[in-house]
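The structure appears right after this line, and notes come after that.
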Amino acid sequence: MAITDKFRYSDLDFNFAKSATKDVARKFDNNAIKQALRNVVLTNFYERPFRPSLGANLVSRLFDQPSPGMISEIRSEVRDAITTFEPRITLRQIIVEYNDVNQELKVEIEYSFLDNDDAIEITLERVR
């Protein structure tokens, strides 16, 4: 039985770690979903050739002035990107927080995949 028979989804490990077979390692099921979510959210518009609308444009928002309206727009953009480009999950909740002291933007995405609830946290901070 091949390893792909046990898992529903797989993807390349973007850290390019080597597997036991000296090949590029793969991520399966929930780990593949987490990696895909992180990639969708961290991709800016026009960053990928021939797919200008892919992504949530989150990095470009890091230098905007924080306000309740900006937080709402980020939540909406992340929700739109995930529902459009990651149909394998059921989105539960998106929590967006901006910390003025550390100047960091934190996005927590709660989702359901194959009847298992999970969450991923993405933190972006300005580098001085």
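Within the listed set ALA56, ALA36, ALA20, the residue fluctuating most in the Gaussian network model of the chain (springs between alpha-carbon atoms under 10 angstrom) is ALA20. For the chain, with all protein chains in place and a probe radius of 1.4 Å, 48% of the accessible heavy-atom surface sits on carbon or sulfur.
Placing a label point 7 Å from the Cα of THR123 along the Cα-to-Cβ direction, the residues of region 88-117 with a backbone N closer than 16 Å are 95-109. Entry for the chain at q = 0.19 Å⁻¹: log10 I(q)/I(0) = -1.11, Debye formula applied to identical alpha-carbon scatterers, no solvent contribution. Largest mean-square fluctuation among PHE28, PHE63, PHE85, in a Gaussian network model of the chain whose springs join Cα atoms under 10 Å apart, belongs to PHE63. Accessible surface area normalised per residue over the chain is 64 Å², counting heavy atoms of protein chains with a 1.4 Å rolling probe. The label-point distance for ASN39 and SER67, in a model that sets each label 7 Å from Cα toward Cβ, rounds to 3.5 nm. Taking every C-alpha pair closer than 8 Å and separated by at least 6 residues, the mean separation divided by the residue count of the chain gives a relative contact order of 15 percent.
Each residue, SER112 and SER60, gets one label point 7 Å from its Cα in the Cβ direction; the gap between the two is 3.4 nm. Can you give the angle from 0 to 90° between the axis of helix 29-42 and the longest principal axis of the chain, with both taken from C-alpha atoms, to the nearest 10? Helix 29-42 sits roughly 30 degrees off the main axis of the chain.
Overall, region 21-118 carries a charge dipole of about 460 debye about its Cα centre when +1 sits on the Cβ of Lys and Arg and -1 on the Cβ of Asp and Glu, all other atoms neutral. Between helix 68-85 and the chain there is an angle of about 20 degrees, using the helix long axis and the longest principal axis of the Cα atoms.
The values are calculated or read from the model by the stated rules, or taken from the named source; none is laboratory data. Quick caveat: nothing in here was measured; it's all calculated off a predicted structure. Here the Cβ is made from the backbone with ideal geometry for all residues, glycine too, and neighbour counts use every protein chain on show. These area figures cover heavy atoms from the full protein model, side chains too; ligands, DNA and RNA do not enter into them. Shrake-Rupley method; radii C 1.70, N 1.55, O 1.52, S 1.80 Å.
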